[in-house]
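Everything on this sheet refers to the single structure shown next.
None of the figures in this text is laboratory data; all of them are computed from the coordinates on show. Worth saying up front: this structure is predicted, and the values here are computed from it rather than measured. Here the Cβ positions follow ideal geometry from the backbone for every residue, glycine too, while neighbour counts run over all protein chains shown.
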Amino acid sequence: MQEKHIDGTFGFATRAVHGGNEIDAETGAIRRPITMANSYALPYDPSEMNWSSANGNLYTRNGGANQGYLQQKLALLHGTQDCVVLASGVAALSGLYFSLLQSGDHVVFSNVTYIAAYRLLGELFKNKFQVQSTLVDTTDLAAVRAAIRPNTKLIHIETPGNPTTGVTDIAALAQIAHTAGARLSVDNTFASPFNQRPAELGADYVIESLTKYINGHGDAMGGAILGKTELLEGIRAQAQVNLGGTVSPFNAWLIMRGAVTLPLRMRQHNESALAVARFLEEQPEVRFAAYPGLESHPQHQIARRQMSPGFGGMIAFGLHGDHDLHCRFVERLRVITSAVSLGHDESLIVFLGENDERQHLYPAEFRCGFFRLSVGLEDAGDLIADLGAALRKD
């Protein structure tokens, strides 16, 4: 039977299509089937087996067939040795922190992060496990250096950051972390591996919320931690086997299918988001527009250096007007949907009001309330017309 040998020497689109996929030995199907089993056949003498092993198919909490296929694909896309796929992006974050950190360790992390990272490092691990943490504007390298302590174990960043789109220099922070004897983890969800591969820039751990761009269709949840095998073995054992954060076979299969079109979708997200961001920046009703692809973005040059071929589909912007005006604006939209999440085929917008507990951590222009816009796959002209009509109804 024909065998494929797809490795990192192939182009990104080829890896997206063929990574993790082989001809099914039993049926001859050219697409991996969904294996909806929670248990697998044991060997002749299982008495000496390690029931907590994540090596091989034993019990789906320990890892299943579809999870394994997806892990192969993602590692190829990111250019890493290994990958652990879990039930959600938050499962990936908490699995990394739980497996890596001990009481008394110190973490430096971005002051602009997904709310779960903010909760986990700023509250839960601090209060329950006495893990110390320091919030820092990680776009400021001097501030990161000043925050490091002798017991700093991890520096965790998001770039671009959720929700303000701030960009952190990954290569520079990797050097800072390693000089201090710490590890660097990078949440890459806003960029996807199509636009940015942090491991190639020196990151030890890469986090992806597979729910977002990699799945791309708003119908499955998953998360991934990528890096060297030696760094992931403990995470696989603890976060997956012992904490039970394993992805379901069906979700793994859906994400595997969605990832095939990632390069095609990201090209469209990149192109449309840049056009929409340029439109918003020019409108008198718009107070500010933040997108790494705009020359006005404070870290535009860093984004150009570490993101290629584009800058993703995420825009932050605010209007001249009060709280209610922002709500009325969303109500008038006819193409763009008001909903959380991002990276879907359809464009999504969420209003982050002044009552956000993290507003004081954001740059000044974000503190009066703003929108996070995930630009989807619709015609860019239709999105621009939708935004323009909503802007001019007052």
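Taking every C-alpha pair closer than 8 Å and separated by at least 6 residues, the mean separation divided by the residue count of the chain gives a relative contact order of 16 percent. Antiparallel as a % of all DSSP beta bridges within the chain, to the nearest 5? Of those bridges, close to 55 percent are antiparallel.
When the helices of the chain are scored as -39500 (n - 2.57) per DSSP H run of n ≥ 4 and the total is divided over every residue, the value at 222 nm lands at -9500 deg cm²/dmol.
If Lys and Arg each add +1 and Asp and Glu each add -1, what is the summed charge of the other residues whose beta carbon sits under 15 Å from the beta carbon of E281?
Values: positive: R278, R287; negative: E282, E285, E295, E365.
Neighbour charge sum, excluding E281 itself: -2.
Charge tally for K228 (other residues, Cβ to Cβ under 15 Å; Lys, Arg +1; Asp, Glu -1): -2. Of the residues A143, A117, A13, the one that moves most in a GNM of the chain with alpha-carbon contacts below 10 Å is A143. Counting pairs on different chains as well as pairs 8 or more places apart, how many Lys pairs in the stretch 12-259 have Cα atoms under 19 Å apart? Lysine pairs meeting both conditions in the stretch 12-259 amount to 5.
Averaging the Cα positions of each part gives two centres, and for the stretch 105-164 and the stretch 46-76 these lie 31 Å apart. Here the peptides 260-269, 118-127 are ranked by packing, the mean other Cβ count within 10 Å, and the order with the highest first is 260-269, 118-127. Sorting 359-368, 150-159, 3-12 by average packing, meaning the other beta carbons within 10 Å per residue, from highest down gives 150-159, 359-368, 3-12.
Here the peptides 53-65, 100-112 are ranked by packing, the mean other Cβ count within 10 Å, and the order with the highest first is 100-112, 53-65.
Helix 249-259 and the longest principal axis of the C-alpha atoms of the chain enclose an angle of approximately 50°. Kindly identify the stretch 12-259 as rounded, prolate or oblate by the Cα gyration tensor criterion: order the square roots of the eigenvalues as a ≥ b ≥ c, call it rounded if a/c is under 1.5, otherwise compare a/b with b/c, prolate if a/b is larger, else oblate. Prolate. Based on the Kirkwood approach, the hydrodynamic radius assigned to the stretch 262-391 is 14.9 Å, with every pair of different Cα atoms included.
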